[in-house]
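Here the structure is laid out as structure tokens; the discussion comes afterwards.
The values are calculated or read from the model by the stated rules, or taken from the named source; none is laboratory data. Quantities reported herein were computed from a predicted structural model and do not represent experimental measurements. Quick reminder, even Gly has a Cβ in these numbers, built from the backbone with ideal geometry, and neighbours come from all protein chains shown. SASA here: full protein model, heavy atoms, side chains in, ligands and nucleic acids out. Shrake-Rupley method; radii C 1.70, N 1.55, O 1.52, S 1.80 Å.
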Amino acid sequence: MQPQTVTDRFGVCISSVFRVVHRITVFIFALSPTGVWPKGQRLLSVIEGFRSLSGFPGVGVALDGTHIEIKAPKKHHSSYINRKDFHSVLLQQCMIINLDLQSAFTGVPGSIHDARVYRLSPLAVILTEKASYLMLITTS
């Protein structure tokens, strides 16, 4: 279901939809003490996969972001204008070598830098507290 459908159906603003999705994501990740991150032999396979693909040793996670174009919000619309000069929210996704999605986070305004999106995301907490043994690479 698209966020706009939820806003129309339930009469809530889109920022509320994103806030609820964020809270649910944090809750789901909190259910497991270790999350869904690779360990043991699986981790060694992931690290070897990154090394053979890219030449980077010791990497366990890849992080990237993309802009999702939106209509200009009525409030604070300038916060949503990204560096490519259109209104957007950011989507951050984190994957391991076989393109298994490990984490997704969205909803922050397009004008925010990728590094700040990472710091705001549940992923930053998870990688710091639960999977600090993984090395993260990103395109930013």
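Before moving on, here are some points about what is shown:
- Meets criteria (at pLDDT 80 or above and either closer than 17 Å to SER15 by Cβ or among the small types (Gly, Ala, Ser) (or both)) for LEU120: yes
- Qualifying residue in region 125-135 (condition: under 21 Å from VAL20 (Cβ atoms), at pLDDT 85 or above and either in a helix (DSSP H, G or I) or open to solvent by less than 20 Å² (accessible area, probe 1.4 Å) (or both)): no
- Verdict on VAL61 being under 30 Å from VAL46 (Cα atoms), among the β-branched types (Val, Ile, Thr) and modelled with pLDDT under 80: yes
- Given (1) part of a helix (DSSP H, G or I); (2) surrounded by 13 or more Cβ atoms within 10 Å (Cβ to Cβ); (3) not hydrophobic (A, V, I, L, M, F, W, C), number of the condition GLN92 does not satisfy: (1)
- Remark: pairs (first residue in region 80-104, of a type in the set (Gly, Ala, Ser); second residue at pLDDT below 75; Cβ separation under 6 Å; 6+ apart in sequence or on different chains) are absent.
- Selection status of GLY49, open to solvent by less than 30 Å² (accessible area, probe 1.4 Å), out of contact with any strand residue (DSSP E or B) (no Cβ under 7 Å at 6 or more places or on another chain) and not β-branched (Val, Ile, Thr): yes
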